[in-house]
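Structure, as structure tokens:
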Amino acid sequence: MFTGIVEQVGQLAEVKPMAGGFRVRIETPLAAGTAPGDSLAVSGVCLTALVVANGEIHADIGPETARITTLGALARGRRVNLERPLRADARLGGHFVLGHVDGVGVVEETRTEGESLWLTISFPPSLSALFIRKGSVTVDGVSLTVAGLDERRFDIQVIPYTREHTTLGELRPGDRVNLECDVLGKYVLRATEIAGLADLRRR
């Protein structure tokens, strides 16, 4: 379980193809507090630390993860948002994030307002029922509020602190991002499906 509050921005030191997937080496100060077997959210994707040594964390990206997230297309040198799991005695600063990506969005537009950055991101039609205005969404591992919404796109505002301490300020139109919708909405949608109501995801 994560919160979408990024702890550090790491850098991909290596992306090595494996059978159907990849192994990545991530340079990060978080390596000092991470042990093999620990979970780590990498740009919103929950991975398992396999090796921790020399200021780096090694993790595998399986075939399914490579298919449904952006991690399979990331290149060496790319910066990634990192977060360790939520401790039971910690404050919940963002929202409940599982690290299980629901789909990949595309940055359609970026614009500035004062010192803040606005992003307009399109999302797959299958996720439309999981977005609500003023609800929560995770973009590349960052907990954000849906400020604007239409049938296939949503707007988020990135404040200066978040822009400086995550990779969101580096995004440009055409970039692909990992999206995780609020888990509470997923349970509500599933309950309506079981109750025999219309499958909203087909609309």
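Things to note:
- Quotient of Cα Rg and 2.2 N^0.38 Å for region 8-83, N being how many residues it contains: 0.96
- Each distinct pair of alpha carbons in region 30-156 adds a 1/r term; the inverse of their mean, the Kirkwood radius, is 16.2 Å.
- Applying 0.36 nm per residue to the separation of THR48 and ILE194 and subtracting their alpha-carbon distance, the gain on full extension is 49.3 nm.
- Between helix 183-194 and the chain: long-axis angle, C-alpha atoms, 0 to 90°, nearest 10: 50 degrees
- Computed about the Cα centre, the dipole magnitude for the chain is approximately 320 debye when only Lys and Arg (+1) and Asp and Glu (-1) carry charge, each at its Cβ.
- Label-point separation, ARG152 to GLU109 (7 Å along Cα→Cβ), nm: 1.5 nm
- Global form of region 103-197, assessed from the alpha-carbon gyration tensor, a/c cut-off 1.5: prolate
- Along the chain, the longest continuous region that contains none of the GluC sites (Glu not before Pro) in a DSSP loop with at most 13 other C-beta atoms within 10 Å is 1-114.
- Net lengthening on full extension, ARG79/MET18 (0.36 nm per residue, minus Cα-Cα): 19.9 nm
Read the figures in this text as sums done on the coordinates, not as results from a lab. Just so you know, these numbers come straight off a predicted model, no measurement behind them. Here Cβ is always computed from backbone atoms with ideal geometry, including for glycine, and neighbour counts include all displayed protein chains.
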